[in-house]
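Student: Take this structure first; my questions come after.
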Amino acid sequence: MNTYIDYFKELCKIPHGSGNTKKISDYCENFAKEHSLRCIREECGNVIIFKDGSKGFEKSEPVILQGHLDMVCVTDGKTEIDFENDGLTLCEDEDFLFAKGTTLGGDDGIAPAYAFEILSRNDIAHPPLEVVLTIDEETGMDGANALNVSVLKSKRLINIDSEDEGILLTSCAGGIRADVTFDVKNEKSENVISVKLTSLAGGHSGTEIDKGRQNAAVLLASLLKKAGVERIGKINAGNADNAIPFFASALIEETEGVKEKITSLFEESKKTFCEDDKNAELIFEPAPENELFSKDDSAAVLSYITEVQNGIVSMSENVPGLVQTSLNLGVIETEENSVTLSHALRSSVNEERKELEKNLSSLAQKLGAKAAFHSGYPAWEFFENSVLQKVFCEAYKEQYKKEMTVSAIHAGLECGILSGKIEGLDCVSFGPDIFGAHSADERLSKKSAERTFKLLLSVLEKLK
């Protein structure tokens, strides 16, 4: 009999970055067929698997177990991997499961893994189950947006996409993506060198935006501007707009003393870095190309990066310690004649998010760039008189002998979209300890995963 850890390891063998989820959807569909379970595979790739209630639970109110199938694909900048075709190289020790040099995809591979063990066993007490596995959550919650909820009967949803054991989430921020594009002119130049920032901590732009970690893109642009660099070229940073970039690079013109100025500024800045960023490195290398942007284009790009709001914009007045609004510049990509900067905007207050969008658009327009917004998703509002909240808190206290923390999160969850599509939906989100999500340091606590699975089974039994 396979356990959820066995299923998780199987999923890790399958490439399943956002936008590349066909094979993992195939796996889910085949799993259902092998276990003679009713399954719906939507055209977009969402998979819904149904199982009748166990003995004595046949007429119980059904419950949805929900998670997403895609993962954020990030490397440590040193590891070579083809995320489109290669599975992960898993490693483990006594405490943790992790991947060699890359993200693990515990966010959110643990959800289908838990579900598959429950679906495959006949000795677990549970109500009728509707297991909803969506695609492309990390790049805009496309699967949740496309989901046909008319096939679902349940008004109770357990989302397994949180990363802190013992915390039950009951609301979350909404968000939107923004792409800002500059048209640039490339000109031949002599004395071109490459400057790189690497080995910063990075991390999840929702749950770790308040950790004081450096954004490599913003830091590099700031160093170059302060050092008086007038021309840059081929600037790149980050892997995902919802991950704090841990690396950035650019071509610059090697003028007299410029390397020394940048190095001095970097060393001075490093004194203020948080402990997580202590391994940051600044590297100069010979340039692979001899083209740079014009002075005007260089100035516009550097000005945008250093002037746009980044990181925490405001904190909640109602929930101590909760980030209310934030912006993360996650990716910079240079094409032949353009530079595109991709951002993730989050807020639990719609008016603040709209104001942030307005400010971003105004700055882009002032500097000659175009801003485009996409993949918006709503905030998830607190549901009063939640049965699931009550049952989770009861089960948690029985198991852990202490109270469960009921909280909100700044990261976006599919609960917001799904609660908007299913009227009167009672939903909560929980999960085991996953550290460093959206970074190459991501790791899943094996002991926490086991305790959390036990809690889930207890909750399902109580939902008779």
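The values are calculated or read from the model by the stated rules, or taken from the named source; none is laboratory data. The model shown is predicted, which means the values in this text are computed figures rather than measured ones. Methodologically, a virtual Cβ is constructed for each residue, glycine included, from the backbone with ideal geometry; neighbour enumeration extends over all protein chains shown. Protein only, heavy atoms only, side chains kept; ligands, DNA and RNA dropped before computing areas. Shrake-Rupley method; radii C 1.70, N 1.55, O 1.52, S 1.80 Å.
Student: Looking at (1) closer than 13 Å to I14 by Cα; (2) touching a Ser or Thr at 6+ places or on another chain (Cβ under 7 Å); (3) open to solvent by 10 Å² or more (accessible area, probe 1.4 Å), which is the one condition that is false for D82?
Tutor: For D82, the exception is condition (2).
Student: From the list L455, L444, L460, which residue is in a strand (DSSP E or B), at pLDDT 95 or above and either surrounded by 18 or more Cβ atoms within 10 Å (Cβ to Cβ) or hydroxyl-bearing (S, T, Y) (or both)?
Tutor: Exactly one residue qualifies, and that residue is L444.
Student: Between E285, E260, E289, which is open to solvent by 30 Å² or more (accessible area, probe 1.4 Å), in contact with a strand residue (DSSP E or B) (Cβ under 9 Å, 6 or more places away or on another chain), at negative phi and at pLDDT 95 or above?
Tutor: That would be E285, the only listed residue that is open to solvent by 30 Å² or more (accessible area, probe 1.4 Å), in contact with a strand residue (DSSP E or B) (Cβ under 9 Å, 6 or more places away or on another chain), at negative phi and at pLDDT 95 or above.
Student: Among the residues of the stretch 369-390, how many are under 14 Å from V308 (Cβ atoms) and loosely packed, with under 14 Cβ neighbours inside 10 Å?
Tutor: 0
Student: In the stretch 302-327, which residues are open to solvent by less than 10 Å² (accessible area, probe 1.4 Å) and either over 30 Å from S407 (Cα atoms) or part of a loop (DSSP other than H, G, I, E, B) (or both)?
Tutor: Correct list: L302, Y304, I305.
Student: Also, I was wondering about something else. Within the bounds of the stretch 21-32, is there any residue that is among the charged types (D, E, K, R) and in contact (Cβ under 8 Å) with a residue 60 or more places away in the chain?
Tutor: No, that holds for no residue.
Student: Residue by residue through the stretch 41-64, note down the ones that are out of contact with any His (no Cβ under 9 Å at 6 or more places or on another chain), part of a strand (DSSP E or B) and of a type in the set (A, V, I, L, M, F, W, C).
Tutor: Hits for the stretch 41-64 are V47, I48, F50, I64.
Student: Would you tally the residues in the stretch 5-14 being among the aliphatic types (A, V, I, L, M), open to solvent by 10 Å² or more (accessible area, probe 1.4 Å) and under 21 Å from the mean Cα position of the chain (by Cα)?
Tutor: The number of residues fulfilling the criteria is 1.
Student: Within the stretch 89-144, restricting attention to residues that are part of a helix (DSSP H, G or I) and touching a Lys or Arg at 6+ places or on another chain (Cβ under 9 Å), which residue is surrounded by the fewest Cβ atoms within 10 Å (Cβ to Cβ)?
Tutor: In this case the residue turns out to be I118.
Student: So, in the stretch 233-253, exactly how many residues are at pLDDT 95 or above and open to solvent by 70 Å² or more (accessible area, probe 1.4 Å)?
Tutor: 1
Student: Applying the selection to the stretch 391-419, what residues are among the acidic types (D, E) and either modelled with pLDDT under 95 or open to solvent by 30 Å² or more (accessible area, probe 1.4 Å) (or both)?
Tutor: E394, E398, E403 - these are the residues of the stretch 391-419 that are among the acidic types (D, E) and either modelled with pLDDT under 95 or open to solvent by 30 Å² or more (accessible area, probe 1.4 Å) (or both).
Student: Give the stretch 328-353 a look and list any residue that's outside any loop (DSSP other than H, G, I, E, B), exposed (fewer than 13 other Cβ atoms within 10 Å of the Cβ) and of a type in the set (D, E, K, R), or say none.
Tutor: Once the filter is applied, which keeps residues that are outside any loop (DSSP other than H, G, I, E, B), exposed (fewer than 13 other Cβ atoms within 10 Å of the Cβ) and of a type in the set (D, E, K, R), the stretch 328-353 yields only E351.
Student: Looking only at residues that are part of a loop (DSSP other than H, G, I, E, B) and in contact with a Ser or Thr (Cβ under 8 Å, 6 or more places away or on another chain) in the stretch 389-414, which one is farthest from T134 (Cα to Cα)?
Tutor: H410
Listed here are the residues, each with its yes/no results for (1) hydrophobic (A, V, I, L, M, F, W, C); (2) open to solvent by less than 20 Å² (accessible area, probe 1.4 Å).
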site: T3; (1), (2): no, no
site: H16; (1), (2): no, yes
site: K22; (1), (2): no, no
site: C28; (1), (2): yes, yes
site: A32; (1), (2): yes, yes
site: S36; (1), (2): no, no
site: V47; (1), (2): yes, yes
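Student: (1) out of contact with any helix residue (DSSP H, G or I) (no Cβ under 7 Å at 6 or more places or on another chain); (2) open to solvent by 30 Å² or more (accessible area, probe 1.4 Å); (3) polar (S, T, N, Q): which one isn't true of S54, the others all being true?
Tutor: In the conditions (1) out of contact with any helix residue (DSSP H, G or I) (no Cβ under 7 Å at 6 or more places or on another chain); (2) open to solvent by 30 Å² or more (accessible area, probe 1.4 Å); (3) polar (S, T, N, Q), S54 misses (2) alone.
Student: Quickly run through the stretch 220-258 and pick out the residues that are in a helix (DSSP H, G or I), aliphatic (A, V, I, L, M) and either touching a helix residue (DSSP H, G or I) at 6+ places or on another chain (Cβ under 7 Å) or under 19 Å from E289 (Cα atoms) (or both).
Tutor: Scanning the stretch 220-258 gives A221, L223, L224, V258.
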